[in-house]
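Reading through the structure tokens given below for one structure.
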Amino acid sequence: MTEPDPVLVELAQYALREHDFGDETLATARLVLADSLGCAALASTHEACRRVLGSFGSVMVFTCPHVGS
């Protein structure tokens, strides 16, 4: 097995560390995540984006069964 990329290891270690983020930082992160997911969901409806994503794009299914119910 090959060794993982050092940058990926560093990112994983950072993600798993304890952090003391403030409420505003966490709220902003939630908004950024929601925006990113929304953009990905919309992009998955466009043929040009699906072509760029290739087979990965063909299996991306975004459903929100509880939204609005």
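Read-outs throughout are calculated quantities, based only on the coordinates presented, and are distinct from any laboratory measurement. Since the model is a prediction, treat every value here as computed from it, not as a measurement. So basically every Cβ, Gly included, is an ideal-geometry build from the backbone, and we count neighbours across all protein chains shown.
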Residue by residue, what Karplus-based ³J(HN,Hα) values in Hz, rounded to whole numbers, does the range 20-30 have, using 6.51, -1.76 and 1.60 with θ = phi - 60° and x for Gly and Pro? 10, 7, x, 4, 5, 5, 5, 5, 5, 4, 5
Averaging over every viewing direction, what projected area does the convex hull of the Cα atoms of the range 1-52 cover, in nm²? 6.0
How would you rank 32-39, 3-10, 17-24, highest first, on the average number of other Cβ atoms within 10 Å across their residues? 32-39, 3-10, 17-24
Length gained if Cys39 through Leu8 is fully extended, taking 0.36 nm per residue and subtracting the Cα-Cα distance, is 8.7 nm
